[in-house]
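Here's the structure, in structure tokens; my notes come after.
The values are calculated or read from the model by the stated rules, or taken from the named source; none is laboratory data. Since this is a predicted model, take the numbers as computed values, not measurements. Methodologically, a virtual Cβ is constructed for each residue, glycine included, from the backbone with ideal geometry; neighbour enumeration extends over all protein chains shown. For the accessible areas, the whole protein counts, side chains as well, though only heavy atoms, and no ligand, DNA or RNA atoms are used. Shrake-Rupley method; radii C 1.70, N 1.55, O 1.52, S 1.80 Å.
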Amino acid sequence: MTDTTERFNGNFTQQTPIPQAAEDAALRVMRSGRLHRYNLLPGEDGETGALEREFAAYTGARYCLAVASGGQAMQIALRAAGVAPDETVLVNAFTLAPVPGAIAAVGARARLVDTAPDLTIDLDDLDRKTDGARVLLLSHMRGHVGDMDRLMALCDAAGITVIEDCAHTMGARWRGVPSGRHGRIGCYSTQTYKHMNSGEGGLIVTDDADVMARATLLSGSYMLHQRHPAGPGSEAYEGPMWDMPNMSARMDHLRAALLRPQLAALDANCAAWTARYRVVEDGLRGTPGLRLIERPAHEAFVGSSFQVVMDEAAPGAIADLVARCAARGVELKWFGADRPAAFTSRYDHWHFAAPDRLPGTDALLAALLDMRLPLSFSLEDCATIARILRDEATRGANGEGNAQRMTPAAE
Ligand SMILES: *Cc1c(COP(=O)(O)O)cnc(C)c1O
């Protein structure tokens, strides 16, 4: 018998505290008064430079630049890759608003690519849409990485530069290669809800000296690029320094100080997320009406959020399930609502991107449920969440939605 009174009391947006070592480092920065990244003593890299060096080493990239946000990382990457106003940029339709926002910010036009049933970019649709585009901004939305061999082969053949949005895949790997290292440029976010938390922040990695020189100048380096320990030599700046505007999107030492101890703990945290994901997945397996996303063995993903699809649900059934789960403390996000709410923005809400209809994405968004799994949840919490969702989905599948619950159940 299921316990219909079981309730979950956790908070789906509660992250874990900033580690003590980060707090101590942040205090040292504040006491120094030197918060700006270029406010350095002779011979000092500062927290920002040290973070760049450490993140470059973590991802195996030659160069790394820390910036003000994930959105800024993508805007700078697009500009550094030479995207011009009015140019067409390919992008997944299934992503969050800052991604088409970055394309709009550089004055380019988004060409949206459809979504496969496993939530990754639809490579057949991508193949059809490469004409006239030079850049793909690939968003690994909700941590689903997709077939990077086929994607890179397709883009290489079509002469398309790939910029990866790794906001949900920091710490993930595909066939052993860190996410962000398949394309020319990898972009990451350190905003509170991502895998490292500095409130706001972003990171860019690349092996391309020209791209990194341009990105550094764009980020607002005041011609102090020699103070970038994870940047290229000064010769790389000679050409770009005359062409790149200063767009003021630097990271400061305070945020970098918060991030460095979190980077040291990133792999352990990623494993802890994925352990939580597996508990939810195990708890939901075989639930009537719920399709789980099977993860390929060579995708070392980070399970910081969980997705499940109700492909066959009758109209109203999903909203009903979301409401019944919410009443028991389980906060599901549904991407099918007609108005953008919180983080559930969908492509047809982005009128500035003039989207065409995308049947795969439409079907998916109408049926997709999503929840965060913050590390503040224990494995037992995750088992409770799965039990409640399974219980309510099973009742929904048996026609015991809200209408039936008006009358007392016959025992
Ligand atoms: C959060 C997010 C971003 C951008 O990050 P910000 O740091 O908030 O600008 C980009 N892509 C996706 C998919 C995100 O979720």
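The table for this structure:
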{"read-out": "Residues located in region 347-380, provided they are of a type in the set (Asp, Glu), outside any loop (DSSP other than H, G, I, E, B) and open to solvent by 50 Å² or more (accessible area, probe 1.4 Å)", "value": "Glu380"}
{"read-out": "Subset of region 131-148 that is closer than 25 Å to Gly70 by Cα and surrounded by fewer than 20 Cβ atoms within 10 Å (Cβ to Cβ) - its residue that is farthest from the ligand (Cβ to nearest atom)", "value": "Arg134"}
{"read-out": "Number of the exception - Tyr237 against (1) in contact with a His (Cβ under 8 Å, 6 or more places away or on another chain); (2) under 29 Å from Ala213 (Cα atoms); (3) open to solvent by 40 Å² or more (accessible area, probe 1.4 Å)", "value": "(3)"}
{"read-out": "Filter result for Cys166 (buried (at least 20 other Cβ atoms within 10 Å of the Cβ) and more than 18 Å from Ala66 (Cα to Cα))", "value": "no"}
{"read-out": "Enumerated strands (runs of 3 or more DSSP E) restricted to region 121-204, each holding at least 3 residues that are touching a residue at least 60 places away in the same chain (Cβ under 8 Å) and assigned by TED's automatic domain parsing to the domain that holds Arg109", "value": "161-165, 185-189"}
{"read-out": "Selection count where residues are more than 16 Å from the ligand (Cβ to nearest atom), over 17 Å from Gly60 (Cα atoms) and surrounded by fewer than 19 Cβ atoms within 10 Å (Cβ to Cβ), scope region 196-219", "value": "1"}
{"read-out": "Condition check for Arg62: away from the ligand (no atom under 16 Å from the Cβ), in contact with an Asp or Glu (Cβ under 6 Å, 6 or more places away or on another chain) and of a type outside the set (A, V, I, L, M, F, W, C)", "value": "yes"}
{"read-out": "Options Gly159, Gly143; residue that is out of contact with any strand residue (DSSP E or B) (no Cβ under 8 Å at 6 or more places or on another chain) and modelled with pLDDT of 95 or more", "value": "Gly159"}
{"read-out": "Which listed residue, of Ala93, Ala102, Ala84, is more than 18 Å from Pro340 (Cβ to Cβ) and either away from the ligand (no atom under 14 Å from the Cβ) or open to solvent by less than 20 Å² (accessible area, probe 1.4 Å) (or both)", "value": "Ala84"}
{"read-out": "Index of the failed condition, Asp127 passing every other in (1) within 26 Å of Trp334 (Cα to Cα); (2) away from the ligand (no atom under 13 Å from the Cβ)", "value": "(1)"}
